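S.K.: Have a look at this one before I ask anything.
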Amino acid sequence: MTIEKIEIHNYRSIANESILLKKINNSTTYCLLGINESGKSSFLKGVALYDLDEIDYPQDFFDEKTSVKLSFTYKISQDDLNSLRNKLIKTFLFPKDLAMQVEVSSVIIVVEFPANVSSQKTIEEIIYFKKEILKGYKLEDKTPIKIEKGDNSGGGIN
């Protein structure tokens with residue numbers, strides 16, 4: 001996977017900030033530029049929150065009534081996509097022809113620290129697909145089953 005965007009919300013001096021990460025002249029080296037006290041260190045420490053289990057409430061919150069959120073947007077490689085397809089076939093028993101149609105546009109990982117003293121972080125993974133391929137299928141024990149004509153029990157996976 002290749003990281004494309006980092007967003008930080010409500011952390012220290014940062015209300016909302018994002019950075020797009022693009023290759024420039026085939027380089028993946030980046031720097032943060034800014035005057036003193038403009039939030040460069042806060043941004044880097046915010047990125048490091050992914051590896052931490054807790055933060056200081058209310059010191060690390062820009063607004064102590066709002067959660068701290070980090071978002072990491074990734075583009076998946078062809079190798080990652082092939083691994084996902086294989087997992088769908090082997091673990092979730094997807095039919096091979098159906099699994100081979102899966103195309104992912106992006107993956108977003110959201111890390112959130114609620115605004116309270118015992119702020120336990122949560123991590124959510126969101127997968128965006130390029131096209132809907134499961135219409136006409138229903139899930140039975142995490143396995144897609146094609147809906148037969150006259151079967152009104154499923155309605156399709158959306």
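The values are calculated or read from the model by the stated rules, or taken from the named source; none is laboratory data. Owing to the predicted nature of the structure, the values given are computational and were not obtained by experimental measurement. Cβ placement follows ideal geometry from the backbone for every residue including glycine, while neighbour counts extend to all protein chains displayed.
S.K.: If I filter the stretch 90-102 for residues that are under 20 Å from residue 9 (Cα atoms), touching a strand residue (DSSP E or B) at 6+ places or on another chain (Cβ under 8 Å) and not in a helix (DSSP H, G or I), do I get at least one hit?
M.R.: No, the conditions are met nowhere in the stretch 90-102.
S.K.: Which of the residues belonging to the stretch 16-51 are over 20 Å from the mean Cα position of the chain (by Cα) and of a type outside the set (S, T, N, Q)?
M.R.: Hits for the stretch 16-51 are 23, 24, 30, 31, 32, 33, 34, 35, 37, 39, 40.
S.K.: Determine the pairs where a residue that is closer than 30 Å to residue 116 by Cβ, located within the stretch 8-36, has a partner that is part of a loop (DSSP other than H, G, I, E, B) and of a type in the set (A, V, I, L, M) with Cβ atoms under 9 Å apart, the partner being 6 or more residues away or on another chain.
M.R.: 10/115; 11/55; 19/32
S.K.: So residue 10 passes all but one of these: (1) touching a Lys or Arg at 6+ places or on another chain (Cβ under 7 Å); (2) farther than 23 Å from residue 120 by Cα. Which condition number does it fail?
M.R.: All conditions are met except number (2).
S.K.: Just to be sure I understand, how many residues within the stretch 39-57 are free of Cβ contacts under 8 Å to residues at least 24 places away in the same chain and in a loop (DSSP other than H, G, I, E, B)?
M.R.: Adding up the residues that qualify gives 1.
S.K.: Got at least one residue in the stretch 107-122 being over 30 Å from residue 16 (Cβ atoms), basic (Lys, Arg) and at pLDDT below 95?
M.R.: For the stretch 107-122, residues over 30 Å from residue 16 (Cβ atoms), basic (Lys, Arg) and at pLDDT below 95: absent.
S.K.: Looking at this structure, is residue 66 among the hydroxyl-bearing types (Ser, Thr, Tyr) and surrounded by fewer than 12 Cβ atoms within 10 Å (Cβ to Cβ)?
M.R.: Against the criterion (among the hydroxyl-bearing types (Ser, Thr, Tyr) and surrounded by fewer than 12 Cβ atoms within 10 Å (Cβ to Cβ)), residue 66 does not qualify.
S.K.: Sort out which residues of the stretch 85-120 are surrounded by 14 or more Cβ atoms within 10 Å (Cβ to Cβ), of a type in the set (Ser, Thr, Tyr) and either under 16 Å from residue 69 (Cα atoms) or without any contact (Cβ under 8 Å) to a residue 40 or more places away in the chain (or both), and write them in order of number.
M.R.: 119
S.K.: Consider residue 83 carefully, then state whether it is outside any strand (DSSP E or B), under 24 Å from residue 21 (Cβ atoms), among the polar types (S, T, N, Q) and modelled with pLDDT of 90 or more.
M.R.: Yes, satisfied.
For every residue, the table says whether it meets (1) within 23 Å of residue 143 (Cβ to Cβ); (2) touching a Phe, Trp or Tyr at 6+ places or on another chain (Cβ under 9 Å).
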{"position": "58", "(1), (2)": "no, no"}
{"position": "61", "(1), (2)": "no, yes"}
{"position": "72", "(1), (2)": "no, yes"}
{"position": "77", "(1), (2)": "no, no"}
{"position": "84", "(1), (2)": "yes, no"}
{"position": "90", "(1), (2)": "yes, no"}
{"position": "97", "(1), (2)": "yes, no"}
{"position": "103", "(1), (2)": "yes, yes"}
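S.K.: Now a separate question. Is it fair to say residue 19 is in contact with a helix residue (DSSP H, G or I) (Cβ under 9 Å, 6 or more places away or on another chain) and β-branched (Val, Ile, Thr)?
M.R.: Criteria met by residue 19.
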